[in-house]
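**Q** So that we are looking at the same thing, I have put the structure below in structure tokens.
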Amino acid sequence: MTEHRTDSKEGHDGRPLPGYELVYERPLTLVDTTMSYCPGCGHSVVHRVLMEVVEELGLQSETIGVASVGCSVFAYDYLDVDMQGAAHGRATATATGIKRMLPDKYVFTYQGDGDLAAIGTAETIHTANRGENILIIFINNGIYGMTGGQMAPTTILGAQTTTTPEGRQLAQHGNPLKIADMIALLPGVAYVTRQSVHKAANVRKLKKAFIKSFQLQEQKRGLCFVEVVSNCPSGWKMTPVEANRWLEEHMLSTYTLGDLKAPPVDASR
């Protein structure tokens, strides 16, 4: 996914180990520190892919990220680009102000479902409706992961949470909110896609979505919205392997992967 490096792997004495060469390593746009996410959490993979794209496109000094409240707040510690904090749910409003003041910068928000799809629904919809030329990255794990595993607007029917121990019920709680489908209907939106990171092939597709989003932003085509259907092993009370399996067997029937709105990139620009 990054450029292959041919440096030899070194032992404790600093000498190259026979038969080893380095072919895959941390992008320089990702801070060299241990992440605090729970084992198996999708956030770390998304961070990695996003920063690979920023590095490969040469945009590190031109990129500004905005995150608000939730597990997404830890992005400040790991993404080695300019980052700005925002109040809960207000990341897209903050990003709008940044982009309007600095229109030549590449601006993205990084938000979870409890943030973007609950308290931030109004900001999200109106930002998209205005066609702000930013990228919104939406991590959808169907639960409030940081605050105890409560039901989120995106929790699928039948899913057990701390506030729906018998499962989300249609008559009582309504249907899960498909934010990407709503966003795709707005004329100011250029690109909407739903991806995942639970398999290697899906990670590669997410990377292509990020590349396309930055290209469209450069061409001033309007808002780009990338939803990532992810897991929350701790909140779901599962092992990482079980969580990935549950995601594929249950969540993807509600949140179908693929492009919902995808204009071609203008190669002449």
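The values are calculated or read from the model by the stated rules, or taken from the named source; none is laboratory data. Source: prediction; values computed, not measured. So basically every Cβ, Gly included, is an ideal-geometry build from the backbone, and we count neighbours across all protein chains shown.
**Q** Take V229 and tell me if it is β-branched (V, I, T), within 18 Å of S253 (Cβ to Cβ) and at pLDDT 95 or above.
**A** For V229, the condition - β-branched (V, I, T), within 18 Å of S253 (Cβ to Cβ) and at pLDDT 95 or above - is met.
**Q** Check whether at least one residue in the range 199-211 is exposed (fewer than 15 other Cβ atoms within 10 Å of the Cβ) and either among the β-branched types (V, I, T) or not in a helix (DSSP H, G or I) (or both), and report yes or no.
**A** yes
**Q** Return the only residue of I183, I156 being in contact (Cβ under 8 Å) with a residue 12 or more places away in the chain, of a type outside the set (D, E) and under 23 Å from V241 (Cβ atoms). So that I can check it myself, show each step before the final result.
**A** Working: I183 fails: under 23 Å from V241 (Cβ atoms).
Going through I183, I156 in turn, just one is in contact (Cβ under 8 Å) with a residue 12 or more places away in the chain, of a type outside the set (D, E) and under 23 Å from V241 (Cβ atoms): I156.
**Q** What residue, among those in the range 102-128 that are in a helix (DSSP H, G or I) and among the aliphatic types (A, V, I, L, M), is surrounded by the most Cβ atoms within 10 Å (Cβ to Cβ)?
**A** Our first condition is that a residue be in a helix (DSSP H, G or I); within the range 102-128, this holds for 113-119, 121-128.
If we keep only those that are among the aliphatic types (A, V, I, L, M) as well, we get 116-119, 122, 125, 128.
Values: L116: 30, A117: 24, A118: 17, I119: 17, A122: 12, I125: 15, A128: 26.
That would be L116.
**Q** To continue, here is another question. Can you go through V66, V54, V45 and tell me which one is closer than 27 Å to G120 by Cα and either assigned to a strand (DSSP E or B) or small (G, A, S) (or both)?
**A** V66
**Q** Consider H198 against the criteria (1) more than 18 Å from Y110 (Cβ to Cβ); (2) out of contact with any Asp or Glu (no Cβ under 7 Å at 6 or more places or on another chain): it satisfies all of them except one. Which criterion is unmet?
**A** It is condition (2) that H198 fails.
**Q** From (1) under 16 Å from the mean Cα position of the chain (by Cα); (2) over 20 Å from Y191 (Cβ atoms), pick out the condition that doesn't hold for H88.
**A** Single failed check for H88: (1).
**Q** Of all residues in the range 250-269, which are surrounded by 14 or more Cβ atoms within 10 Å (Cβ to Cβ) and part of a strand (DSSP E or B)?
**A** D259, L260, K261
**Q** Under the condition of being more than 12 Å from L260 (Cα to Cα) and among the hydrophobic types (A, V, I, L, M, F, W, C), which residue from the range 164-185 is surrounded by the most Cβ atoms within 10 Å (Cβ to Cβ)? Break it down into steps so the answer makes sense when it comes.
**A** Applying the first criterion (more than 12 Å from L260 (Cα to Cα)) to the range 164-185 yields 164-177.
Filter once more, so that each one left must be among the hydrophobic types (A, V, I, L, M, F, W, C): 170-171, 177.
Numbers: L170: 10, A171: 5, L177: 17.
For the range 164-185, the residue satisfying everything is L177.
**Q** Among the listed residues E132, E123, E166, identify the single one that is among the charged types (D, E, K, R) and touching a residue at least 60 places away in the same chain (Cβ under 8 Å). Step through it out loud before you land on a result.
**A** Values: E123 fails: touching a residue at least 60 places away in the same chain (Cβ under 8 Å); E166 fails: touching a residue at least 60 places away in the same chain (Cβ under 8 Å).
Result: E132 is the single residue among E132, E123, E166 that is among the charged types (D, E, K, R) and touching a residue at least 60 places away in the same chain (Cβ under 8 Å).
**Q** If I filter the range 216-249 down to residues being part of a helix (DSSP H, G or I), touching a strand residue (DSSP E or B) at 6+ places or on another chain (Cβ under 7 Å) and hydrophobic (A, V, I, L, M, F, W, C), which single residue comes out as surrounded by the most Cβ atoms within 10 Å (Cβ to Cβ)?
**A** L247
**Q** What number goes with the only condition from (1) among the aliphatic types (A, V, I, L, M); (2) over 16 Å from the mean Cα position of the chain (by Cα); (3) surrounded by 24 or more Cβ atoms within 10 Å (Cβ to Cβ); (4) not in a loop (DSSP other than H, G, I, E, B) that I136 does not pass?
**A** (2)
**Q** Another question, then. From the list T127, T155, pick out the single residue that is polar (S, T, N, Q) and closer than 18 Å to L186 by Cβ.
**A** Exactly one of T127, T155 is polar (S, T, N, Q) and closer than 18 Å to L186 by Cβ, namely T127.
**Q** Sticking with this structure for a sec: For residues that are of a type in the set (A, V, I, L, M) and more than 16 Å from E56 (Cβ to Cβ), scanning just the range 24-41, find the one that is farthest from the chain's Cα centre (by Cα).
**A** Of all residues in the range 24-41, those of a type in the set (A, V, I, L, M) come to 28, 30-31, 35.
Remaining after also requiring more than 16 Å from E56 (Cβ to Cβ): 31, 35.
Details: V31: 17, M35: 16 Å.
Looking at residues that are of a type in the set (A, V, I, L, M) and more than 16 Å from E56 (Cβ to Cβ), I get V31.
**Q** Mind checking which residues of the range 26-46 are within 19 Å of K212 (Cβ to Cβ) and either surrounded by fewer than 18 Cβ atoms within 10 Å (Cβ to Cβ) or not aliphatic (A, V, I, L, M) (or both)?
**A** Listed by number, the residues that qualify are P27, T29.
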